[in-house]
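Report on the following structure.
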Amino acid sequence: MVLRFQIPTDEGCPISLIRLVSMIHRDCHGFIKSRLGDIGVSSGQFPLMFLIYQNEGINQGQAAAALGLDKGTVARGMMRLEDAGLVLRERDRYDRRNYRLRLSEEGKEAMKRLEDVRLELEGCLVQGLSDEEKSVLRELLQKMHGNVSEGKDE
């Protein structure tokens, strides 16, 4: 017997909105992995690298809060980035329980490539859309994110 799973659709759409968002998310992860796997940056660590680059000296708790992740997830990501030689974790001199995060020289050099991949991926996502469509898409996605963010805490 073959089991099938299908999320119900609405408005005659053959692919549910949930499934479509999931497919885009998965494909973005694959895109990043194919471009950055050789330097030790996964799609999950991709936003962490940008966050540290933009906020050098941030601690792991602040990084977790900014990215909406739990501290353990950030700690594991940090260890992998540290092992890859891209990020340095230094004990906070005022609070020895915390680590301050900064990019190593190798990490700073990698940021050019990460930015190139970000731009390539964003270009791929909006290829063929007009400027107005891009603006509307961004606005709608932000609304959707806000809706789900509010709903998850209820």
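Key figures
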quantity: Residue match in the range 98-105 (condition: touching a Leu at 6+ places or on another chain (Cβ under 6 Å) and either hydroxyl-bearing (Ser, Thr, Tyr) or at pLDDT 90 or above (or both)); calculated: yes
quantity: Filter result for Leu88 (in contact with a Cys (Cβ under 9 Å, 6 or more places away or on another chain) and not in a loop (DSSP other than H, G, I, E, B)); calculated: no
quantity: Any hit, the range 95-108, residues being loosely packed, with under 12 Cβ neighbours inside 10 Å and of a type in the set (Gly, Ala, Ser); calculated: no
quantity: Complete set of residues in the range 45-66 that are within 13 Å of Leu114 (Cβ to Cβ) and surrounded by 14 or more Cβ atoms within 10 Å (Cβ to Cβ); calculated: Gln45, Phe46, Pro47, Leu48, Met49, Phe50, Leu51, Ile52, Tyr53
quantity: Condition met for Met111 (touching a Phe, Trp or Tyr at 6+ places or on another chain (Cβ under 6 Å), at negative phi and not in a loop (DSSP other than H, G, I, E, B)); calculated: yes
quantity: Any hit, the range 96-111, residues being closer than 21 Å to Arg26 by Cα and polar (S, T, N, Q); calculated: no
quantity: Positions within the range 50-73 being more than 22 Å from Arg97 (Cα to Cα) and either modelled with pLDDT under 90 or hydrophobic (A, V, I, L, M, F, W, C) (or both), in sequence order; calculated: Phe50
quantity: One residue from Gly123, Gly146, Gly151 being assigned to a helix (DSSP H, G or I), modelled with pLDDT under 95 and either in contact with a strand residue (DSSP E or B) (Cβ under 6 Å, 6 or more places away or on another chain) or surrounded by fewer than 10 Cβ atoms within 10 Å (Cβ to Cβ) (or both); calculated: Gly151
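Per-residue answers, yes or no, for (1) of a type outside the set (Ser, Thr, Tyr); (2) touching a strand residue (DSSP E or B) at 6+ places or on another chain (Cβ under 8 Å); (3) in contact (Cβ under 8 Å) with a residue 40 or more places away in the chain:
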| position | (1), (2), (3) |
| --- | --- |
| Gln62 | yes, no, no |
| Val87 | yes, yes, no |
| Arg91 | yes, yes, no |
| Arg100 | yes, yes, yes |
| Leu103 | yes, yes, yes |
| Gly107 | yes, yes, yes |
| Val117 | yes, no, yes |
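The values are calculated or read from the model by the stated rules, or taken from the named source; none is laboratory data. These figures come from a predicted structure and were not determined experimentally. Note that we place each Cβ from the backbone using ideal geometry, even for glycine, and neighbour counts take in every protein chain shown.
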